[in-house]
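Working notes, beginning with the structure itself.
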Amino acid sequence: MTSVPTLPARRRTMRWRDRDALYGYLFSAPAVLGSLAFVIAPLIAVVWYSLHEWNVLANTFTFIGGENYTRMLTDAALHDSLWASLWFSLGVLVLNMTLALALAVLLNQHLPGTTLFRVLFFSPVVVSLVAWTIVWGFLLQADNGVNAFLAALGVTGPNWLRGSVTAMIAVVVVQVFKNVGLNMVLFLAALQGVPEDIGEAARLDGAGAWRRFTSITLPMISPTMLLVGILTLVGSLETFALIDVLTDGGPGTSTTVLVFYLYRQAFEFNQFGYASAIAVLLFVIVLALTLLQWQTRKKWVFHES
Amino acid sequence: MVHRRSVSALASLVLAGTLAACGSGTSDTSEDATPDGPVDLRMTVWTADEGHLGLFQEIADAYVADHPDEVSSVTFETIPFEDYTTTLTTQLAGGNTPDLAWVFESNAPEFVSSGALAEIGGTLEATDGYEYEDLLGSALDLWSNDDGLYAYPFSNSPFVMFVNTDRIAEAGQTQPSELHAGGEWTYDSARDISAATVEDLGGAGLVVRDFDYTAWSNLASVWGAWGAQPWSADGTTCEFDSPEMVDALSWFHDAVYTQGAIPGPGTAADFFSGDTTMTITQISRASALDGSFEWDIVPLPTGPAGQPGVIGQAGIGVLANGENPGAAANFLAHFTNPENASQLSQYFPPPRTSLLTTESLAEGNPAFDERQLEIVVEAIDGAATKPSHVNYAQVDTATRSALDALWTETGDAAAVATEVCAAIDPLLQD
């Protein structure tokens, strides 16, 4: 007799638990469905497309297996674009992080006017990328802007966007100037989180400014450096609009980075299947580099070892 | 497990949907199933000019009023010029196919041969009062193959030389119209006048408009005078390395870097702002003249091989995979009939022999006098179209990349021409 009243109670508990679970599923459903529809499904679709020859004009969609992937091995233009991507990303990563950190350190000083400079350096981040790039296009013309300034100093500037090396330098610098403000703010926040007493103690022990910076500040902000490094690298590998507006991948193929080459294959050459295979390659590269940075963090990021 | 199952279910759904969209076969290009009721038609265009769009809509509204059972509306969708073909093909890829579309001449062979466009010649010929035989055969060539006509070349705009006569007079040079009258209007004289005006007045000399050291096909107006062409007529053999082309490219390179007659890469120069001596462009650009300086037009200068003339064309095609190719073809027959072609000729030189007269062009082009319109009519007759190829997008990109090496002070036309051919020969034969 004693067991009779407990059974309904247990059933009620189970029902509540089910209801909790139901609420949980319902609340997470929009995010999960959104992610499935707009992230996972396109990803699967791209892999599927990459196994086909898809000619939009002729309206043909033919399964060709791994042919698009084997084509990559012999596509010299793709190899050129991988090199261009390497130089571009390396340039952006090194220049952006160095400049952002230097600016953050400078603007972390308690000097009058630092707020104004923080605003100035951050403002390009909120400017439309295309507008920013078009203005730089004018500034980098043969006889205008930058070169007019150099001429005033008695220096003859190169025709920036017409030389392979100078065009690459130009796109790296324009990209870095656009985004360095964001990384600067992240570094600034990290620098302000470094306890002053540690530096003070080191100073009393006789450590100079450089030693305190390399032995205390840098390790303390290393988690932010990891974050900034990953974001900057991924961002640089996905740079498209800047190249499209400023150089159109030229001169020659010197600034045809992987994303731009992908765009060209898909939307100019109508080779959606091959472009999808390149998209898969880009995905793998970004994933691999991010994992590599994540895995090596234990060696250099404070709190991670 | 439930979660994993739902993921795979959704993914299969998406894939199934996509495949269904992709797998729909090419529709019959001559007849479409009779629709249940009147249909909505959509035409993609690259003009955003209110005058153009207003006239199109007027013609379309009249058609809708006369054919309420067949068409309920016609929409003209503007896609920006720069991204036009890219956006159009993206619409095709996404299954959002327009019923009719403007097509650039450079893309014509690809669109015609791929099966993207429906055959329209039959419909045009069968339409009462269309006067199909009035269409200029040479204008239709690019848009036809053995099976028929795949687009109507509504615009046949010749390239001519616009001249800033104020600048030339100020620099004490002979006016090109006088040189032309005396049979001495050559590329060398154009170069010398340009270089002299730059030396005297600054600004820019001769500008091949829209070339900008990237859109190389605009140089067709130059190399034609040397008898050069980028590839053989059948499109299979590169001819960039022909002696004629090398001479033409060398002439251009020297005019830029030795004589200073043509502004170099990375230099902004616009004829219509008044600081440029002369520019090669199409007559449709005359609308940009604001009367701030005196100007004239003359035919393209002659070179060692005379001057065959060049026109830029644009066609209107019916998309084979559109929902209503039949209704779209009937509307196109109305849109381009003699009466409407005459109206359209105020903006676009039509491919109709009867309308290519100075009298009919004068109605729509008040900016030009009779002598100038004669130049326009003569320039259309027998002119070659700009380069086009069945694999144009890839050939274009490869050519542009290889030609970049020429646009430096030390660029060597012969060496670069060989590089261009090495880059595009495999693409031409694709």
Hits in segment B:409-430 (condition: surrounded by fewer than 20 Cβ atoms within 10 Å (Cβ to Cβ), over 21 Å from A:ALA58 (Cβ atoms) and touching a residue at least 40 places away in the same chain (Cβ under 8 Å)): B:GLU409, B:GLY411, B:ALA414, B:THR418, B:ASP425
Could you please tell me which pairs satisfy a Cβ distance under 6 Å, a separation of 6+ or placement on different chains, a first residue in segment A:106-123 that is free of Cβ contacts under 8 Å to residues at least 60 places away in the same chain, and a second residue that is of a type in the set (A, V, I, L, M, F, W, C) and surrounded by 14 or more Cβ atoms within 10 Å (Cβ to Cβ)? A:THR114/A:LEU107; A:PHE117/A:LEU107
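Looking only at segment A:245-280, filter to residues that are in a loop (DSSP other than H, G, I, E, B) and closer than 26 Å to A:HIS52 by Cα; which one of those is farthest from the other protein chains (Cβ to nearest Cβ)?
A:VAL257
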Return the pair list, or none, for Cβ contacts closer than 9 Å from residues in segment B:184-209 that are under 19 Å from B:GLN307 (Cα atoms) to residues that are among the acidic types (Asp, Glu) and not in a helix (DSSP H, G or I), at least 6 apart or on different chains. B:VAL207/B:ASP270; B:ARG209/B:ASP270
Counting only helices (runs of 4 or more DSSP H) entirely within segment B:104-204, those with at least 1 residues that are within 14 Å of chain A (Cβ to nearest Cβ) and surrounded by 16 or more Cβ atoms within 10 Å (Cβ to Cβ) are B:108-114, B:187-201
Would you mind stating whether A:PHE138 is touching a helix residue (DSSP H, G or I) at 6+ places or on another chain (Cβ under 7 Å), part of a helix (DSSP H, G or I), modelled with pLDDT under 95 and surrounded by fewer than 16 Cβ atoms within 10 Å (Cβ to Cβ)? yes
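Listed here are the residues, each with its yes/no results for (1) at pLDDT 90 or above; (2) within 11 Å of another protein chain (Cβ to nearest Cβ); (3) over 28 Å from the mean Cα position of the chain (by Cα).
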site: A:MET1; (1), (2), (3): no, no, yes
site: A:THR6; (1), (2), (3): no, no, yes
site: A:LEU26; (1), (2), (3): yes, no, yes
site: A:PRO30; (1), (2), (3): yes, no, no
site: A:VAL39; (1), (2), (3): yes, no, no
site: A:PRO42; (1), (2), (3): yes, yes, no
Return the only residue of A:ALA77, A:ALA100 being assigned to a helix (DSSP H, G or I) and within 14 Å of chain B (Cβ to nearest Cβ). A:ALA77
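Quick check on B:ASP396: is it assigned to a helix (DSSP H, G or I), of a type outside the set (S, T, N, Q) and either more than 30 Å from B:LEU124 (Cβ to Cβ) or within 11 Å of chain A (Cβ to nearest Cβ) (or both)? Reasoning before the result, please.
Values: assigned to a helix (DSSP H, G or I): yes; of a type outside the set (S, T, N, Q): yes; either more than 30 Å from B:LEU124 (Cβ to Cβ) or within 11 Å of chain A (Cβ to nearest Cβ) (or both): yes.
So B:ASP396 passes the test.
Return the residues of segment A:269-305 that are in contact with a strand residue (DSSP E or B) (Cβ under 7 Å, 6 or more places away or on another chain) and of a type in the set (S, T, N, Q); say none if nothing qualifies. Full working, then the answer.
Here is the first cut: in segment A:269-305, the ones in contact with a strand residue (DSSP E or B) (Cβ under 7 Å, 6 or more places away or on another chain) are A:270, A:272-273.
Matches in segment A:269-305: A:ASN270 only.
If the requirement is being farther than 27 Å from B:ASP40 by Cα, under 25 Å from the mean Cα position of the chain (by Cα) and in contact (Cβ under 8 Å) with a residue 40 or more places away in the chain, which of these qualifies: B:SER138, B:SER177, B:SER155?
B:SER138
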Among (1) closer than 20 Å to B:VAL310 by Cβ; (2) among the basic types (Lys, Arg); (3) loosely packed, with under 15 Cβ neighbours inside 10 Å, where does B:ARG371 come up short? (1)
Inspect all residues belonging to segment B:68-82 and state whether any of them is within 30 Å of A:ASP248 (Cα to Cα), modelled with pLDDT under 90 and either among the hydroxyl-bearing types (Ser, Thr, Tyr) or assigned to a helix (DSSP H, G or I) (or both). yes
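The values are calculated or read from the model by the stated rules, or taken from the named source; none is laboratory data. It should be emphasised that the depicted structure is a prediction, and the values quoted were computed from it without experimental measurement. A quick note on method: Cβ atoms are made from the backbone with ideal geometry, for glycine too, and the neighbour counts reach across all protein chains shown.
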